[in-house]
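These notes concern the structure reproduced below.
FYI, it's all coordinate maths here, none of it is from the lab. Computed from a predicted model, the values in this text were never measured in an experiment. Using ideal geometry, Cβ is built from the backbone for each residue, glycine included, and neighbour counts are taken over all protein chains shown.
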Amino acid sequence: MTDIPVTAPAKAPKTRTGQFFDSDLWWSFKNSKPAIGAAIALTVVILAAILAPVLSPQNPYDLASLELWNAELPPVWMEGGQMPFILGTDVQGRDILSGILYGTRISIFIGLASVVVSLAVGVMAGLTAGYYGGWVDNVLMRVGDVLLSIPIILVAILVSSVAQALLPPELREAGISIVLVLAIALYSWVQYARVVRAQTMVERRKEYVQASRLVGTPARRLMLKHILPNTLTPVFVAATLNFGLAILIEATLSFLGVGMPPNQPSLGTLIRVGNQYLFSGSWWIVLFPSIQLCILVVAVNMLGDWLRDALNPKLR
Amino acid sequence: MTAQSPILTVSNASKEFDVSAPWLNRVLERKPKLFVKAVDDVSFTVPRGSCFSIVGESGCGKSTVARLVTGLYATTAGDIRFSAGSGGEPVRVQMIFQDPHSSLNPRWRVGDIIAEPIREMKLRASEAETRERVEELLSTVGLAADDARNYPHEFSGGQRQRISIARALASEPELLVCDEPTSALDVSVQAQILNLMRRLQQELGLTYLFISHDLSVVRHMSDTIAVMYLGRIVEMGPAESLFNAPQHPYSRLLLGTIPDIHAPHRDRALQSGEPPSPLDPPLGCAFHPRCALANERCGRDLPELLSVGAATVRCHAVEEGRAQETSVSEAV
Ligand SMILES: Nc1ncnc2c1ncn2[C@@H]1O[C@H](COP(=O)(O)OP(=O)(O)OP(=O)(O)O)[C@@H](O)[C@H]1O
Ligand code: SF4
Ligand SMILES: [Mg+2]
């Protein structure tokens, strides 16, 4: 009985970043023009939003800095336009560019926060439903079905108007963004839950999970340390696409007047306010925030689409 | 192998799986509940330090027996008992799985995979000792200490199976359940893994419950062999007697399918025939639709287990003394 030892050739262990730049994902990114374009656009938009206090000619929240004789100035390249109001001003003399930069901050914050909240809820619900199956699964998933069968806008309008009615006035302004985040998350956790549940049901049966069960690993650790990391790829794709969707939902709500108030305007609020002046000739008030919203959402969605294809082994 | 006290006693174990359609479909389509009897009234004992093997075609319930023994499934009926371990504590059971690709978490480093049992069961006091133990285990199974830092996809099938073995050994088990540990490997690699497993059995005094569909693999490992067909054990006995004088027509059919270098062109007609669906097993002896010796009684009554020399056989023809008259291959 001779035994031939088999050893792998010694390799320098790779760091996480080293692995990333070696990976198929990076290769696919480098070769996808839409993905690169979207990433650049998104980076610019996000950086500009982060640097809003530095870049903006004006603090749009500071009512004292608004001068009424600057109201409804057109963009600088048009007759009557003047610096520093590159994209013009609104009826209160607020600089459009500054409003957009700060508004993008709010939109991105609400989008991100609702993705984080719905991810946390959805991943936990999906893991639990997929791992335990049976009635736990039935209850969680039927609740999700019911939520998805109601139009999201109605849910959000209901939640935010009820919350606005219930919140004491001094909390209303601070609370509204949190209410928006929760309203959007209430709807979008279901999608993460479905993705994670389906993947969990596949992973749960795999032998590595059973091997871990055999050494007495408790269910919670099995789910978090073994199963969850193996479900993250589709979750990541869903999260990217949902980020775009969340920004849009927030914009819609704000446009309908149940979202961010005009003194804390998101892109949607700016569009709503500007919309009123569209026919009086001050088209710039509504156009530029709309363009910004488009760039933001399209870039996020393009990245999400690319990611979905790049991570789908069947399309490679 | 000296006759020792059994480390494992399985008595009349059965396992049914509920494979019914979802409740709503069942109600709408008026379908009854549907069960697969994957394991039916199986009894055996495994002496300490021996290797007990189960052979049979795909779907006959081998893996289900393995999972019943390790506790991954609960029995529907019957009883699985372990004797006290060598130190008086409960016997530790571990399992080596069939598929080296799905049995290792692709996102964990090999070192963490092997260390998991040690950490979960708190077998070492410190992280340094754990790491030391992992290196020791890697060298036990013929891998390098450096391999701990790599991910499973960087290894070949045979190497992954060594990693699985190292992980199983990490919890210091006395009984290792091996569910077709070599069936996914090349023949040359199979021999290496089997050699390693035999060496480990001798060095560590392990007991094996070894499962395979390949009799030639089992032959070199086993002290006792049980042949399963459609959830039941149809013949069980010492390895040598089973190979030299198989009693049950199905055992003889299986033996006929072992490639024989002395007579490579032997008639292969015996391999024909598919096992019936376990959803709808034949009445009487489940083997009768394929059996050359079947008579009318076989399609009606389930044969009892019968002692023939050192073996136990479940067959009417053996009981009636018809089995030895005709060679099975002629009768087909
Ligand atoms: N979890 C399960 N749910 C439903 N049916 C199952 C389950 N596990 C096994 N079965 C059924 O039980 C029967 C026996 O399966 P088992 O996996 O034990 O066979 P096996 O002998 O290990 O086969 P193989 O050689 O293919 O691994 C099969 O018909 C299978 O379809
Ligand atoms: S009982 Fe009858 S059918 Fe079954 S193996 Fe024996 S002879 Fe064949
Ligand atoms: Mg199997």
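Descriptive notes on the structure:
- Extension gain, B:Ser216 back to B:Leu302 (0.36 nm per residue minus Cα-Cα distance, nm): 28.0 nm
- Take the Cα of B:Arg81, go 7 Å toward its beta carbon, and the backbone nitrogen atoms of the range B:158-192 under 19 Å from that spot belong to B:175.
- Normalised contact order of chain A, rounded percent, pairs of Cα under 8 Å and 6 or more residues apart: 22 percent
- Bins of 20 Å from zero: percent of alpha-carbon pairs in the protein assembly as shown: 15, 35, 27, 16, 6, 1
- Sequence of B:Thr76, B:Thr312 once ranked by neighbouring C-beta atoms within 10 Å, starting from the fewest: B:Thr76, B:Thr312
- For chain B, the relative contact order comes to 19 percent (Cα pairs under 8 Å, sequence separation of at least 6).
- Calculated on alpha-carbon atoms, Rg and Dmax of the range B:96-173 in Å: 11.2, 32
- Derived value for chain B: Kirkwood hydrodynamic radius 21.5 Å. Basis is the mean of 1/r over every pair of different alpha-carbon atoms.
- Of all beta bridges that DSSP places with both ends in the protein assembly as shown, some 60 percent have antiparallel geometry.
- Between the alpha-carbon centres of the range A:163-233 and the range B:45-85 there is a gap of 37 Å.
- Relative contact order computed over the range B:96-173 (Cα-Cα under 8 Å; 6+ residues apart), in percent: 46 percent
- In the protein assembly as shown, lysine pairs with alpha-carbon atoms under 15 angstrom apart (chain gap of 8 or more, or interchain): 4
- Between the residues B:Leu24, B:Val42, B:Pro6, the greatest Cα displacement towards the positive end of the dipole of chain B, with unit charges on the Cβ of Lys, Arg, Asp and Glu, is found for B:Leu24.
- Exposure proxy order (Cβ contacts within 10 Å, fewest to most) of A:Ser160, B:Ser126, A:Ser290, A:Ser23: B:Ser126, A:Ser23, A:Ser290, A:Ser160
- Sites excluded, GluC sites (Glu not before Pro) in DSSP loops with at most 16 other C-beta within 10 Å, longest stretch of chain A: A:80-316
- To the nearest ten degrees, helix A:284-311 and the longest principal axis of the Cα atoms of chain A are 10 degrees apart.
- Shape metrics for the range B:53-146, restricted to C-alpha atoms - Rg then Dmax, Å: 16.5, 47
- Between 0 and 90°, nearest 10: helix B:127-140 axis offset from chain B longest Cα axis: 50 degrees
- Listing B:His316, B:His248, B:His101 from fewest to most neighbouring C-beta atoms within 10 Å gives B:His101, B:His316, B:His248.
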